[in-house]
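Handing you this structure, nothing more for now.
The values are calculated or read from the model by the stated rules, or taken from the named source; none is laboratory data. Worth saying up front: this structure is predicted, and the values here are computed from it rather than measured. Here the Cβ is made from the backbone with ideal geometry for all residues, glycine too, and neighbour counts use every protein chain on show. Each accessible area value is taken on the protein alone, full model and side chains, heavy atoms only, with ligands, DNA and RNA left out. Shrake-Rupley method; radii C 1.70, N 1.55, O 1.52, S 1.80 Å.
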Amino acid sequence: MHCLEDIAHHYLQTDRSRELSETGERILALARRLQKENHVGLALRLIGMASLIDGNYERAEEIFRESIAAFEGLELTGKFYTLSLLAPHCYIGEMRQWRGESAYAMAQFEYCIERCRRAKLFWGRSHFCAHAADTAIDLGDWQLAARHIDDGVSLFESSRGGHCSSLLYSLKAICDARRGDFDEAAASLKKADFLSAIGKKSRCAAQYMAKGWVGRLAAQSSATVNGCLDRPWEDYARAAVKLYGGFGAGFRAERIRKEFGL
């Protein structure tokens, strides 16, 4: 079962929805046969992710809520899998954000952060902070975005955050550049390049957006930023629009068009 789950997570990170769905169904059947309810909840989340990758957001949310229900049921028996419970909340928030429901999305992410705080969980919290920061940018609240980024980076770089995606450093690069700290922005872009190298579309889109944003703000004035870019900033912005639009994040794609005058 654990081997199948590791394989499924690879398919998740590489956006291979068909293989992810098939492997998730295998895990689900095995978990039910062995009466392992926590693995049932995980399998449902993986199957939901396959629908998310395919852009079937309504179906994905239905399955994510089944996963949440499985872990809530386990909590009633004294068995707590807090991060497994929160992960589908985060995915629901991400989908709602992409459709322009920013306030709803923020509520999901802040719920995840607060549950982690109450449980004194550090593993994964920086990931939730990154999504909250991303949504804050959609809401136009740069102060809130910076606070979530600072919290996420502090957790991750103190070796307490456990899991971190490239999104955190893509967004940090934008905030660094807005403060005029282009050397730090370049360092953040390099970290995000490393973390996004697996090629997951949502992470690559955020990194294209960040490179477009930082490149525009630097306006050829920073050699360190120029060293992180191999094309004009407008090309990165257009690539972000195309990639976001391609997987159904139309609200974010339009946000970038307006921001950059595309």
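Could you check, for region 71-83, whether at least one of its residues is within 15 Å of the chain's Cα centre (by Cα), crowded, with 20+ Cβ neighbours inside 10 Å and farther than 15 Å from S126 by Cα?
Among the residues of region 71-83, not one is within 15 Å of the chain's Cα centre (by Cα), crowded, with 20+ Cβ neighbours inside 10 Å and farther than 15 Å from S126 by Cα, which makes the answer no.
Out of the residues in region 203-227 that are under 23 Å from the mean Cα position of the chain (by Cα) and farther than 13 Å from I174 by Cβ, state the one that is least open to solvent (accessible area, probe 1.4 Å).
The residue in question is A205.
Related question: In region 239-256, how many residues are surrounded by fewer than 18 Cβ atoms within 10 Å (Cβ to Cβ) and at pLDDT 95 or above?
1
Taking S51 as meeting all but one of (1) open to solvent by 10 Å² or more (accessible area, probe 1.4 Å); (2) within 19 Å of F247 (Cβ to Cβ); (3) out of contact with any Lys or Arg (no Cβ under 6 Å at 6 or more places or on another chain), write down the number of the exception.
So the condition that S51 fails would be (3).
Give the residue that is most open to solvent (accessible area, probe 1.4 Å), with candidates limited to residues of region 17-42 that are free of Cβ contacts under 8 Å to residues at least 24 places away in the same chain and of a type in the set (A, V, I, L, M, F, W, C).
A29
So, one more: Mind listing whichever residues of region 135-149 are assigned to a helix (DSSP H, G or I) and either modelled with pLDDT under 95 or touching a helix residue (DSSP H, G or I) at 6+ places or on another chain (Cβ under 6 Å) (or both)? Please lay out each step first, then the result.
So the first thing to find is which residues in region 135-149 are assigned to a helix (DSSP H, G or I), and the list is 135-138, 142-149.
T135, A136, I137, D138, L144, A145, A146, H148, I149, listed by residue number.
Something else: What tally of residues in region 84-107 results from selecting those that are in a loop (DSSP other than H, G, I, E, B) and either without any contact (Cβ under 8 Å) to a residue 60 or more places away in the chain or open to solvent by less than 60 Å² (accessible area, probe 1.4 Å) (or both)?
Here is the first cut: in region 84-107, the ones in a loop (DSSP other than H, G, I, E, B) are 99-101.
Imposing the further condition that a residue be either without any contact (Cβ under 8 Å) to a residue 60 or more places away in the chain or open to solvent by less than 60 Å² (accessible area, probe 1.4 Å) (or both) reduces the set to 100-101.
Residues flagged as in a loop (DSSP other than H, G, I, E, B) and either without any contact (Cβ under 8 Å) to a residue 60 or more places away in the chain or open to solvent by less than 60 Å² (accessible area, probe 1.4 Å) (or both) within region 84-107 amount to 2.
Quick check on my filter: what residues within region 111-137 are of a type in the set (D, E) and closer than 27 Å to G245 by Cβ?
Hit for region 111-137 is D134, nothing else.
If I ask for residues that are open to solvent by 70 Å² or more (accessible area, probe 1.4 Å) and either at positive phi or not in a loop (DSSP other than H, G, I, E, B) (or both), which ones from region 155-200 would you list?
If the condition is that a residue be open to solvent by 70 Å² or more (accessible area, probe 1.4 Å) and either at positive phi or not in a loop (DSSP other than H, G, I, E, B) (or both), then E157, S159, R178, D183, K190, K191, F194 are the ones that fit.
Could you give every pair whose Cβ atoms fall below 9 Å, whose first residue belongs to region 112-140 and is within 16 Å of A87 (Cα to Cα), and whose second residue is part of a loop (DSSP other than H, G, I, E, B) and at pLDDT 90 or above, counting only separations of at least 6 or pairs across chains?
Pairs found: A119/F80.
Quick one: R117 ticks every box in (1) of a type outside the set (S, T, Y); (2) in contact with a Lys or Arg (Cβ under 8 Å, 6 or more places away or on another chain); (3) open to solvent by less than 40 Å² (accessible area, probe 1.4 Å); (4) closer than 23 Å to Y169 by Cβ bar one, so which box is it?
(3)
Restricting attention to region 5-16, which residues are open to solvent by less than 80 Å² (accessible area, probe 1.4 Å) and within 17 Å of the chain's Cα centre (by Cα)?
Hits for region 5-16 are H9, Y11, L12, Q13, T14, D15.
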